[in-house]
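Reading through the structure tokens given below for one structure.
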Amino acid sequence: MKYTLLLLILLFSTAFAGCRDKSMRMNQPHNIRGVVSYKRSFGDLNDRHLEVAQAIGVPSVKDRDEAEHLKKKLTLIEDNEYYSVDSLTHSIPYLIPGAASLLEDIGRNFLDSLANKGLNPNRIIVTSVLRTEADVKRLRRTNINASANSVHRYGTTFDISWKRFDKVEEVDGRPQQSVSADTLKLVLSEVLRDLRQDDRCYIKYELKQGCFHITTRRN
């Protein structure tokens with residue numbers, strides 16, 4: 001009986017120590033610098049986005065029925081291991097292949113960067129994708145800042161939230177220790193800066209909308 005009790009205590013102590021060691025290893029951030037200024041680092045204006053979008057994107061479509069005819073030229077954007085798609089109220093989940101590839105690279109690079117910096121995994125959240133002209137009109141009724149000449153109409157452009165991220169939980173269902181949105185935003189800004197400097201995209205930092213507005217430069 002004493003032997004059994006001692007064995008149980010030993011097993012419990014070992015398991016507790018393992019969990020404690022694991023939790024101590026989580027979220028030990030290092031080498032996080034971010035960018036000097038979000039506005040200065042990501043200040044590509046709409047004219048620059050629009051020029052490349054009109055050159056490499058799909059034609060602007062009137063409504064979602066018309067958009068159905070363009071699906072062969074577009075890639076479906078849906079939840080995967082690299083990013084999460086928000087509930088889309090004013091856009092449909094399609095991008096041209098170059099934009100879809102860029103989005104996946106952002107999500108993959110972000111996860112890799114978090115791991116390298118000692119932070120728990122989080123997926124980026126896509127908040128807006130392809131908009132039809134009807135979507136743009138509806139959006140402008142509730143958002144006075146929305147442009148009638150939206151670059152989202154060409155399938156080249158998407159928005160990624162810098163306020164919200166999708167925390168990846170343990171495979172066995174145990175919750176991961178959270179990482180603050182401010183820290184995740186810093187890491188994401190480094191990833192986006194590198195891709196922008198590599199001429200992969202144009203980026204506009206949207207303060208009121210709480211997102212990075214991104215247009216691919218490759219089709």
> On the given criteria, is Ile92 of a type in the set (Val, Ile, Thr) and under 12 Å from the mean Cα position of the chain (by Cα)?
Replying inline: no
> In this structure, is Gly118 of a type outside the set (A, V, I, L, M) and either touching a strand residue (DSSP E or B) at 6+ places or on another chain (Cβ under 7 Å) or part of a helix (DSSP H, G or I) (or both)?
Replying inline: no
> If you go through the range 136-161 one residue at a time, how many are assigned to a helix (DSSP H, G or I), β-branched (Val, Ile, Thr) and modelled with pLDDT under 80?
Replying inline: 1
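State all residues of the range 54-69 that are of a type outside the set (Asp, Glu) and in a helix (DSSP H, G or I); if no residue qualifies, say none. Steps first, please.
Within the range 54-69, the subset of a type outside the set (Asp, Glu) is 54-62, 64, 67, 69.
Once the filter is applied, which keeps residues that are of a type outside the set (Asp, Glu) and in a helix (DSSP H, G or I), the range 54-69 yields Gln54, Ala55, Ile56, Arg64, Ala67, His69.
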>> Just to verify a result, which residue in the range 77-102, among those that are in contact with a strand residue (DSSP E or B) (Cβ under 6 Å, 6 or more places away or on another chain) and hydrophobic (A, V, I, L, M, F, W, C), is farthest from Arg141 (Cα to Cα)?
In response: Leu102
>> Suppose we keep only residues that are in contact with a strand residue (DSSP E or B) (Cβ under 8 Å, 6 or more places away or on another chain) and either crowded, with 18+ Cβ neighbours inside 10 Å or among the aliphatic types (A, V, I, L, M) (or both) within the range 207-219. Which one would you say is farthest from Ile56 (Cα to Cα)?
In response: Gln209
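The values are calculated or read from the model by the stated rules, or taken from the named source; none is laboratory data. These figures come from a predicted structure and were not determined experimentally. Cβ: placed from backbone, ideal geometry, glycine included. Neighbour counts: every protein chain shown.
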